[in-house]
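Trainee: Here it is, the structure in full.
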Amino acid sequence: MLAKKVAAKQESLLEPAAPQWANAEQVYLPMMPTPLASQPSPYIRVSWLQRPYGKVRSVKAASLHNGEEIFFRLEWNDPEKNDILTDSTFPDGAALLFPMGSDAPILTMGDKTHPVNAWHWRADLAEHGRNNVAHGLGSTVLSEKSHITCRASWDNGGWPWYTGVWRVVFCRPLSLPDQAAEAIQLKPGQEVRFGVAVWQGQNAERAGIKAFSQKWQRMMIEA
Ligand code: HEM
């Protein structure tokens, strides 16, 4: 996949329907439920045993950059918009995962010596994207600071299927010198790998209960 360079400002590229997205290279990522046996919490392993999860089975991903900021647009079908967090309702969500060094296992969200950086959008948090670092399952740390901005739209998908579709754009400066230890550093001409996770709020999916792309997707940031 190629993240093409375009001459456009953050305000336009953040829009999921911005015309530039029509010319972006788009990949189709098959998604699978995270393995139940890998969930670090015994309570989660038991309580989800008979409950299907990881309901979103495919995501379309595209990326653009403007020399300063990089943008990812994720698109997937979800019949219902869930954007409220209460004791009993959970918001839809999506995240991108990047190995911070040369490699890291995607199946375990990294490991002790191979950290991963996650950019996390939640439907209840408006444009505030969250930054996380993980060194393996059960080790996710939410950063105090985040330079991730998100903009999302949900519509009913239109005729003839009316399946419902989320489109979410993530935006972040390519380079973040003040967050070198907790955020991947990017630059034009670099090849990166990324993975995707999606939580379906309607199904009470959260934390480790979600759908994910099992393989790293390679991407070149156009020089
Ligand atoms: C591309 C793949 C993945 C991405 C983008 C991703 C992203 C994330 C994010 C953003 C969080 C924080 C959630 C929050 O604060 O609400 C999280 C938590 C978590 N994830 Fe993943 N994840 C991925 C793969 C996996 C896999 C394969 C598992 C296997 C079971 C897993 C298990 C967990 C668990 C248990 C948590 C709870 C926090 C913790 O225990 O560290 N994730 N993930």
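Just so you know, all these numbers are worked out from the coordinates, no wet-lab data involved. Because the structure is a prediction, the values reported are computed rather than measured. Note that we place each Cβ from the backbone using ideal geometry, even for glycine, and neighbour counts take in every protein chain shown.
Trainee: Please list, ordered by chain and number, the residues whose modelled amide H lies under 5 Å from the amide H of Met100; skip anything fewer than 5 residues away on the same chain.
Mentor: Here the answer is Val116, Asn117, since their amide H atoms fall under 5 Å of that of Met100.
Trainee: Also, quick follow-up: Do any GluC sites (Glu not before Pro) in segment 31-120 lie in a DSSP loop with no more than 15 other beta carbon atoms within 10 Å, and if so, which? Could the numbers behind the result be given before it?
Mentor: Details: sites: Glu68, Glu69, Glu75, Glu80; in loops: Glu68, Glu80.
Those that pass, being in a loop and sparsely packed, are Glu68, Glu80.
Trainee: Once the other residues with Cβ under 14 Å from the Cβ of Asp92 are scored (Lys, Arg +1; Asp, Glu -1), what is the net sum?
Mentor: On the way: positive: Lys55, Lys81, Arg122, Arg167, Arg206, Lys210; negative: Glu75, Asp78, Glu80, Asp83, Asp124, Asp155, Glu205.
Here the charged neighbours net out to -1.
Trainee: Moving on to the next point. Based solely on its DSSP helices, what 222 nm [θ] is calculated for the chain when runs of n ≥ 4 H residues each add -39,500 (n - 2.57) and the sum is averaged over all residues, nearest 500 deg cm²/dmol? Can you show the working numbers first?
Mentor: Values: 2 runs with 10 residues, N = 223.
-1000 deg cm²/dmol, from helical runs alone.
Trainee: Additional query: So if I average 1/r over every pair of distinct C-alpha atoms in segment 86-187 and take the inverse, what Kirkwood radius in Å does that give?
Mentor: On the way: mean 1/r = 0.0669 Å⁻¹.
When all Cα pairs of segment 86-187 are included, the Kirkwood radius is 14.9 Å.
Trainee: Extending each Cα 7 Å along its Cβ direction at Tyr28 and Gln185, get the distance between those two points in nm, one decimal.
Mentor: 3.8 nm
Trainee: Still on this structure, please answer the following. Projected onto the charge dipole of segment 50-94 (+1 at Lys/Arg Cβ, -1 at Asp/Glu Cβ, origin at the Cα centre), which of Val56, Asn82, Phe71 gives the Cα projection farthest towards the positive end?
Mentor: Farthest towards the positive end: Val56.
Trainee: Can you tell me which of Pro188, Pro19, Pro99 moves the most in a GNM of the chain? Springs connect C-alpha atoms under 10 Å apart.
Mentor: With Cα springs under 10 Å in the chain, the top fluctuation among Pro188, Pro19, Pro99 is at Pro19.
Trainee: Sorting check: for 8-17, 131-140, which peptide has the highest mean count of neighbouring beta carbons within 10 Å, and how do the rest follow?
Mentor: Values: 8-17: 15.0, 131-140: 18.5.
Packing order, densest peptide first, comes out as 131-140, 8-17.
Trainee: Take a quick pass over the chain and tell me how many lysine pairs come in under 19 angstrom between Cα atoms, counting only ones 8 or more apart or on separate chains.
Mentor: Close lysine pairs under the 19 Å cut-off: 11.
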